[in-house]
Amino acid sequence: MTEKDNRKDPSCNDREEAERKEASPPDPRLLIISSSPHQFGPGSVPKIMWSVVGALVPAAGMAVFYFGLRALWMIFVCILAAVATETLINRLRGVSLSIPDGSAVITGLLLALTLPPSFTFSGGALGAVFAIAIGKQVFGGLGYNIFNPALLGRAFLQASFPVQMTTWTLPNTARFGETDAVTAATPLGQFKFELLLTDHLDLLLGNVGGSLGETSAVAIIIGGLYLLLRKYADWRIPAGFLSTVFVLGGLFWLVSPNQYPDPVFHLLSGGLMLGAFFMATDMVTSPITPRGSWIFGVGAGLILIIIRLYGGLPEGVMYAILLMNAFTPLINRYTAPRPFGEEAA
Amino acid sequence: MDPMPKIVGAVKTRTFKKGVHPTDYKAFTNAEKIEYPPLPDNVFIPLQQHIGEPGRPLVSPGDEVKTGQCVGRSDKYVSSPVHASVTGKVKAITTLPHPVGARAQMVHIQRTGEDEWDLLPVPEDWRTEPLENLRELVQEAGIVGLGGAAFPTHVKLSPPADKAIDAFILNGCECEPYLTADHRAMVELAEKILTGMGILMRVLGVEKGYIGIETNKPDAIEAMRACCTRIGLDVPVIPLQTKYPQGAEKMLIQAVLDRKVPAGGLPMDVGVIVNNVGTALAVTEAVTEGKSLVQRIVTVTGNGINTPKNVMARIGSPFSHLVDCCDGLKEETSQVFMGGPMMGIAQFDLAVPVIKATSGIICTTDSISEKGKTLPCIRCGSCISACSMNLLPTRLARLTEMKQLEAAGELGIDHCIECGSCAFVCPSQIPLVQWIRVGKYRLSQLN
């Protein structure tokens, strides 16, 4: 309803208003004024972030189960370094503490889960510092970063410590103690360099060499499905990502089964499950539009297959997601939905 | 945000795309019969209660007025006359706080006794009365859309000749939480509402009528169906999924008829006219009883009022009068708003009068100051999944904030219906719709 400006009207006098107030004495209390809506949904950023942390517990648990207490310490060190860095930069920037929103904890936890079991604690801490400082806070903190901070931290470690970052140990051998670990290649490495295929059941359970939290596909899927059900992750991204890998990987396999691994192997090995459910779905660095989410997921799948089958590295989830992160603003721009009633026109 | 349609009986309930599911809080009053509280001793009739030109006062201080007597009108077509809602004496014509904000000119009438009606001349039989007379009667009675927008109904009843209207939808969605005024009207006054629907359809020359009601009002669906059968009116009552903003015209038309009103267009562009059940009720009272629009059903509710009720309130009654009729506010009440919680307007002064668009007075003890602080946008896309107009609320808000209004205009900021779903779902508590309102206003100032 439009309102005429009546302030110029001199008849707006106090006597009248006093009389009216006398006629109907107002309630003396002070009422709070706000602009509608006055009712809000249950969602909140801390709820989303801490749910992601909760959804990572199964994967973290499997990491400890397979790789021993050292895994727990690594998780602890990475989270601590991430939280400390975030706190320090909050202080330096003179903004309120952003630890309660949970995002720094996720970064530390995710980074830890992508590290090799025998990686040094100091290296892990360095990665977490880099992830928070350069991956997130340089851009302005939560919501402003372009790349997934945990993946950026991992990329930094991969570039800085290429040997340690690709030295893998087998599960169980080092459980509950820091006895000598047996060095072995990951299933993807074995296939790439030795054409050896790993048993699917071992891949599903995680009884294979690999990063701390990436080996057990089933633990990741449980956490991931929880996020999808709560709508804290866009289902289109893992759907697009995984189906692209499955279909493309399957095509290559059908053409030349001796040269290329089967599609189920593709899905269950390496960091794909963790990446598809927990890294690619990072809200900040993935597209905001539904169509954009499909493009993002399919694009990451394409890049992953190219790296795995033609690249120098056995695994490419990290680069696939980081590259798609870079495309996100562009995807958002070209997938903006048309306003209601304009689509047909 | 777009879950599977709920199944009622064996039929999928219809709905629109996207939208949100706020807790409806209707249990406060959805079983409370409409009450007729004592008449207020003073009423304040704002000269503008509608979209369009404000009226000029037709009375002077000291004049005696009767209930239903016109006290203000404009010569402009898109306007609506206002009427005295009690019998008494004009005390003053003055400028006072208006419930939609700012101050506005109002006629202050002091009640001197019981109602003496100044009735409009009613036709013998509306089924045979010339259409022009009915349209004029609706205009004279000061009827506007009572769903909340308060658009003059006679304008809606006169679509341009090039728009062929083939369907009429009676809007019984009442999708805003808390409100139960339309709900109770459908349960208790179904026949009057259907008569009004018949009159409106006849004026528009429309054969096909539909009644859309959300499934959270099963008794209203039942009552309206039963009444249709009883009086032999052949219009389907269509249960609609309980989802906000189901009652917005464009969403309702999509749900009921699967037609899409073009962006920037009106329902008549797809051959449809939508009217609210409250409006239909007012039309019946004008055409069959000669009563101008001097009263409406108001839901006085919320956890901040002692006895939540649906009341038949006289237009111009101070909010405080209705609050007193409901045994007053609780001690801890901190917010009072007019309308529903999603689009309603917060009030700071309970002396403001009930206007034609006052569907509810909601008193709550919660306040947004208890909400967490605003965090940065995490680009979760919740607002986009919620926006029934298919816009990008987070982008529009940001562009407004950055004063890039042309860019916001290109993204369709003007199509926003300000339903508030985006701000409702935002996990970062960003005032999205509030920014968009600012953006729309600033853009209109540019052009």
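The values are calculated or read from the model by the stated rules, or taken from the named source; none is laboratory data. Quick caveat, the model's predicted, so the values are computed rather than measured. As a convention, Cβ positions derive from the backbone with ideal geometry for all residues, glycine included, and neighbour counts pool all protein chains shown. Protein only, heavy atoms only, side chains kept; ligands, DNA and RNA dropped before computing areas. Shrake-Rupley method; radii C 1.70, N 1.55, O 1.52, S 1.80 Å.
Summary table
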item	result
Helix-only mean residue ellipticity at 222 nm for the protein assembly as shown, each DSSP H run of n ≥ 4 adding -39500 (n - 2.57), per residue, nearest 500	-12000 deg cm²/dmol
Lysines whose Cα lies under 19 Å from that of B:Lys403, excluding same-chain neighbours fewer than 8 positions away	B:Lys440
Span from the the range B:265-342 Cα centroid across to the the range A:302-345 one, whole angstrom	50 Å
Interface residues, the range B:45-60 - accessible area loss of 30 Å² or more versus chain alone, probe 1.4 Å	B:Gln48
Electrostatic dipole magnitude of the range B:112-218 [Cβ: Lys, Arg +1; Asp, Glu -1; Cα centre; debye, to 20]	540 debye
Solvent-accessible area buried by pairing B with A, both sides, nearest 100 square angstrom, 1.4 angstrom probe	6200 Å²
A:Asp199-A:Phe76 FRET efficiency (beta carbon distance; Förster radius 30 Å; 0.05 resolution)	0.40
Solvent-accessible area per residue, Å², over chain A with all protein chains present [probe radius 1.4 Å]	44 Å²
Pairwise centroid distance, computed over Cα atoms, of the range A:210-233 with the range A:236-260, Å	20 Å
Proximal lysines relative to A:Lys136, as straight alpha-carbon distance under 23 Å, when same-chain residues fewer than 8 apart are discounted	A:Lys47, B:Lys373
Chain A: angle of helix A:149-160 to the longest principal axis, Cα-based, in degrees nearest 10	40 degrees
GNM flexibility winner over chain A from A:Ala326, A:Ala150, A:Ala63 (Cα, springs under 10 Å)	A:Ala326
Listed residues B:Gly145, B:Gly232, B:Gly62, most fluctuating in chain B (Gaussian network, C-alpha, under 10 Å)	B:Gly232
The protein assembly as shown, accessible surface, carbon-and-sulfur percent (1.4 angstrom probe)	60 percent
Chain B: antiparallel DSSP beta bridges as a percent of all, rounded to 5	65 percent
Acute angle (nearest 10 degrees) that the helix A:317-334 long axis makes with the longest principal axis of chain A, alpha-carbon atoms	30 degrees
List of the range A:125-146 residues, accessible area with partners at least 30 Å² below that of the chain alone (1.4 Å probe)	A:Leu142, A:Gly143, A:Tyr144
Where labels lie 7 Å past Cα in the beta-carbon direction, separation of B:Arg259 and A:Ser35 in nm	3.5 nm
Residue mean of other protein chain beta carbons inside 10 Å, B:96-108	4
Percent antiparallel among DSSP beta bridges (both partners in the protein assembly as shown, rounded to 5)	65 percent
Rel. contact order, % - alpha carbon contacts under 8 angstrom, at least six apart, the range B:287-356	32 percent
Fully extended contour minus Cα-Cα distance, from B:Lys373 to B:Ala161, at 0.36 nm per residue	71.1 nm
Between helix A:45-55 and chain A: long-axis angle, C-alpha atoms, 0 to 90°, nearest 10	20 degrees
Spatial separation of Cα centroids for the range A:94-116 and the range A:142-157, in angstrom	11 Å
Solvent-accessible heavy-atom area per residue, rounded to whole Å², over chain B at 1.4 Å	37 Å²
Rounded if a/c under 1.5, otherwise prolate or oblate - the protein assembly as shown, Cα gyration tensor axes	prolate
For chain B: rounded, prolate or oblate by the Cα gyration tensor [a/c cutoff 1.5]	rounded
Cα gyration tensor shape for the range A:45-331, rounded if a/c is under 1.5, else prolate or oblate	oblate
Whole-number percent relative contact order across the range A:296-337, with pairs defined as alpha carbons under 8 Å at least 6 apart	39 percent
